[in-house]
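Student: What follows is a structure written as structure tokens; I'll ask about it next.
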Amino acid sequence: MSWPKLDRRKAALVAARDLRDAVSELRLIAAMIALTLAIPLAAGSGVRALAYFGGGTAVVNRLSLVGAFFVVFIPASFSLVLALESFVGERERTTLEVLLSTPLREAEIYAGKVLAVLSVSLTLCYGGLIVYCLVTFPGLGYFPIVILLALAVSTICQVAAMVAGAVIISLNARTMRAANVMASFIILPMSVVLQLEAALILLGRADLLWGFALLMILIAVVLLRMGLTGFSREALLARDVGLRRPLRRAAEALRSSFATRPGIVRLIWSRRTPMVLAAAGFPAGAVIGYVAGSTSAVPRAVVRPVLSSLVRSAGQGNPVESAIAIFSHNLLAFLLVAILAIVTAGLSGFLLTFAPGFLLGFAAAFSSWGLALTGIVPNGLVEIPAAIVAGGLAIQIGAAAIHMDATGGWSSRVLAAVADYVRALRWLVPALAVAALLEVWLG
Amino acid sequence: MLEVDGLAKRYGEVLALRDLTVRVDEGSCLVLLGRNGAGKTTALRCMAGVLLPSAGTVTVDGVDAADDPTAVRAKVGLMPEVPGLYERMSVRAYLDHFGAIYDVEPAIRRQRIEELLEVFELTDAGDRWLGTYSKGMRQKVALIRATLHRPRLVLADEPTSALDPDSARRAWVYLKDLQKEGCALVICTHSMEEAEHLAGDIGIMSAGRALAIGSMAELRRRSGLATRREVRELPTLQDIYLAIVGNHHDELAETRSA
């Protein structure tokens, strides 16, 4: 993976122009500053009032951190508006075409625009955070600098991820209206991340926030790289013509995706890298599960109900009903994994093998490996290979979804990967049925 | 200056341009005529190094557009059909920004900007935001932007479509002056008057193909109008254009019915 040539002076020219454009819209700036100041002041005052009127120390401390996350998230979400304006807005107004006709390289335009949006958004985020800290923490006897640093790092990445997401949207949306609709695909996952972060703080596990910060770094790097690859003259200008007759093109792409797909053996061989990844998920999960169980890194109370419900579900009702229930449960898991693969970049495919491995390892930590393995034999001999194939193909779907090509063709690549998965169900569904029967009558 | 050989451009399943071969020497002008969707804009984008050819070659001043599109774009001034100006910038700041992108020295670009604003009668409006400009004024700014860096090749897509007759003539004079300085021009237009005024060679395009390329006299001969029609005056370019495109459509219709 090599980074393209980039003249910093040229990128700075683009950034300066965009920055000037962003700050010349007084109504937008006024709204952003008002919210950046109003929300920190309100949130900080609320926390202080709670402390003053006798809120418990633990509650006040945790709420002060949750407040910091919300204070940062609101201006961070503005980065999406600014980025959409910078990429899709320029495309809609045809000013991007003019920029693309100059000697500027795509990387210079991309870097300049990203830099401009980051500058505005991070100024607002950190400005808001500083105001909030000044209002909230003096005299509180609590100043969690390490956690706030994790917040600062994850904010940069959140903003960068949203900007990169806007670039990817700009490749698929020609109007701001379409872009705004598509923006929910970025805002919603980001708000889920925020809620998870808030939940961790409220549960008293703020130390795990660095994990989130690392995850955001990874997501931001992947998305920025995708944006850079996709941001090409060919994709931006040529696709305008290529988008004619969308329904006919979609039908044609679907037809060609399902035509001439390979048989199961050739399919597994042609997708061997994701298959290996999926196969590695099971032993990796088992080892990590065992370590987590034996060191109590994950509390037993969290995993025990899952293990108990799995044991109960296998032994309940008459054998036919049990077999149908197990088969339905596994089939649903396989289908969900494929659907989620697009939005999780294939992570769901890895989890399909990792999660059972983790539970096995955790159970082994409770008892012994021999006892734990009796729980998955003989059905696991069919189920696990099926999960590896399904997981590998789901990883392939995720890889297709995050792979951007300068010449476009995203939908046909994803459709081809989905077609592989759907065709593989011809072998996977019978395998799951056999596994369910084995589990009920021989398990 | 510009050599295009067997140029084709495909967008997915759409073949927008096929087998275009033209040559434009220093100080000469090629005018491309054709109805909307004929492939003129795609041809200009490929000649400007903005889009890469699917087949064939484009060479500008000895540089192959596929090998070094950045260098080609530096030698070319492209004026798209839609001016695409930044609304919240004054024309001076706007032109200065693009001058900097093309690496024109600050003092030289300031001088050139003032000269060209004078030529196009925009000096007094030079500090107004572009958002307040009329359609014609925007087109003038786009033409100045495309030529500010003194490109070796100017590619203009309908450069005077929004201009009043007086301003259009002023723009033609300006383009002729560029030609005299050795700049090659490729102009796409629907205005026959503009084509007759500027063209050395004329290319007539339809459905992504060049039906005919040549001088006015060659096209006249090729259209057959001079021998088929009993007219006292020579046929105009409008007559020639309609005859050539009409023949092509008759051929297409015959092919389809066969």
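The values are calculated or read from the model by the stated rules, or taken from the named source; none is laboratory data. A quick note: this is a predicted structure, and the numbers were derived from the prediction, not measured. Backbone-built Cβ (ideal geometry, glycine too); neighbour counts: all protein chains shown. Protein only, heavy atoms only, side chains kept; ligands, DNA and RNA dropped before computing areas. Shrake-Rupley method; radii C 1.70, N 1.55, O 1.52, S 1.80 Å.
Student: Please work out the Cα center distance from segment B:117-171 to segment B:78-93, rounded to the nearest Å.
Tutor: Cα centres, segment B:117-171 to segment B:78-93: 9 Å.
Student: Given charges of +1 on the Cβ of Lys and Arg and -1 on the Cβ of Asp and Glu, with all other atoms neutral, how large is the dipole of segment A:246-441 about its Cα centre, in debye to the nearest 20?
Tutor: Charge dipole of segment A:246-441: 420 debye, to the nearest 20.
Student: Would you tell me the mean number of C-beta atoms belonging to other protein chains that fall within 10 Å of each C-beta in A:88-101, as a whole number?
Tutor: 5
Student: Note down the magnitude of the dipole of the protein assembly as shown about its Cα centre, charges +1 on Lys and Arg C-beta and -1 on Asp and Glu C-beta and zero elsewhere, to the nearest 20 debye.
Tutor: In debye, rounded to 20, the protein assembly as shown gives about 1480.
Student: Over chain A, what relative contact order in percent results from Cα pairs under 8 Å that are six or more residues apart?
Tutor: Relative contact order of chain A: 16 percent.
Student: Do me a favour and compute the ellipsoid semi-axes for the protein assembly as shown from its Cα gyration tensor, root of five times each eigenvalue, largest one first, whole Å.
Tutor: Output for the protein assembly as shown: semi-axes of 59, 37, 18 Å.
Student: If ligands, DNA and RNA are left out, what is the accessible area of A:ARG9 with a 1.4 Å probe, given in Å² to the nearest 10?
Tutor: Approximately 110 Å² of A:ARG9 is accessible to the 1.4 Å probe.
Student: Students sometimes get this wrong: rank A:THR57, A:THR175, B:THR70, A:THR136 by accessible area, probe 1.4 Å, all chains present, largest first.
Tutor: Descending accessible area places them as A:THR57, A:THR175, B:THR70, A:THR136.
Student: Any idea how far apart B:ASN36 and A:PHE53 come out in nm if each label point goes 7 Å out from Cα toward Cβ?
Tutor: Roughly 6.4 nm, to one decimal.
Student: Taking only Cα atoms, what is the 0 to 90° angle, nearest 10, from helix B:135-147's long axis to the longest principal axis of chain B?
Tutor: Orientation of helix B:135-147: about 90 degrees from the principal axis.
Student: Another question about this same structure. First obtain the Kirkwood hydrodynamic radius of segment A:246-441 from its Cα pairs, then insert it into the Stokes-Einstein equation at 25 °C and 0.890 mPa s, and state the resulting D in µm² per second as a whole number.
Tutor: 138
Student: Compute the FRET efficiency between A:ALA259 and B:VAL173 as 1/(1 + (r/R0)^6), taking r as their Cβ-Cβ distance and R0 = 41 Å, and round to the nearest 0.05.
Tutor: In this case the efficiency is close to 0.10.
Student: Between A:ARG174 and A:SER294, what length comes free when the chain is fully extended (0.36 nm per residue of separation minus the Cα-Cα distance, one decimal in nm)?
Tutor: Full extension from A:ARG174 to A:SER294 adds 37.8 nm.
Student: With r defined as the distance between the Cβ atoms of B:THR236 and B:ASP166 and R0 fixed at 25 Å, what FRET efficiency is calculated, to the nearest 0.05?
Tutor: About 0.65, to the nearest 0.05.
Student: Could you tell me which residue out of A:PHE137, A:LEU208, A:VAL440 lies farthest along the dipole of the protein assembly as shown toward its positive end? Charges go on the beta carbon: Lys and Arg +1, Asp and Glu -1, centred on the Cα centre.
Tutor: Looking along the dipole axis, the top candidate is A:VAL440.
Student: At 0.36 nm per residue, minus the direct Cα-Cα distance, what do A:ARG225 and A:LEU134 gain on full extension? Give it in nm, one decimal, please.
Tutor: Using 0.36 nm per residue and subtracting the Cα-Cα distance, I get 29.1 nm.
Student: Now, a different point. Using alpha carbons only, how many angstrom separate the centre of segment A:1-69 from the centre of segment A:138-156?
Tutor: Comparing the Cα centres of segment A:1-69 and segment A:138-156, I get a distance of 14 Å.
Student: Got a sec to turn the phi values of segment B:95-109 into Karplus ³J(HN,Hα) couplings, 6.51 cos²θ - 1.76 cosθ + 1.60 with θ = phi - 60°, whole Hz, x for Gly and Pro?
Tutor: After applying 6.51 cos²θ - 1.76 cosθ + 1.60, I find 5, 5, 4, 6, x, 5, 4, 8, 6, 7, 4, x, 5, 5, 5 Hz.
Student: Here's another thing I want to ask about it. Any chance you could get the radius of gyration and Dmax over the Cα atoms of chain B, in Å?
Tutor: Values for chain B (Cα only, Rg and Dmax): 19.1, 65 Å.
Student: What are the chymotrypsin sites (Phe, Trp or Tyr not before Pro) within segment A:159-241 that DSSP puts in a loop, where the Cβ has at most 16 other Cβ atoms within 10 Å?
Tutor: Those that pass, being in a loop and sparsely packed, number zero.
Student: While we're looking at this one, here's another question. Given A:SER64, A:GLY54, A:ALA22, which one lies farthest toward the positive end of the charge dipole of segment A:17-74, if we put +1 on the Cβ of every Lys and Arg and -1 on the Cβ of every Asp and Glu?
Tutor: A:GLY54
Student: With the cut-off at 32 Å, tell me which of the pairs A:LYS10/B:LYS40; A:LYS113/B:LYS176; A:LYS5/B:LYS135 have Cα atoms farther apart than that.
Tutor: A:LYS113/B:LYS176; A:LYS5/B:LYS135
Student: Here's a follow-up. Describe numerically, in nm with one decimal, the distance between label points set 7 Å from Cα along Cα→Cβ at A:ARG93 and at B:ASP68.
Tutor: Result: 3.4 nm between the two label points.
Student: Ok, one more. Restrict the search to segment A:5-71; then list the chymotrypsin sites (Phe, Trp or Tyr not before Pro) that DSSP places in a loop and that have at most 15 other Cβ atoms within 10 Å of their Cβ.
Tutor: A:PHE53
Student: Which FRET efficiency, nearest 0.05, do A:LEU215 and B:GLU26 yield, Cβ-Cβ r, R0 35 Å?
Tutor: Efficiency for this residue pair is about 0.05.
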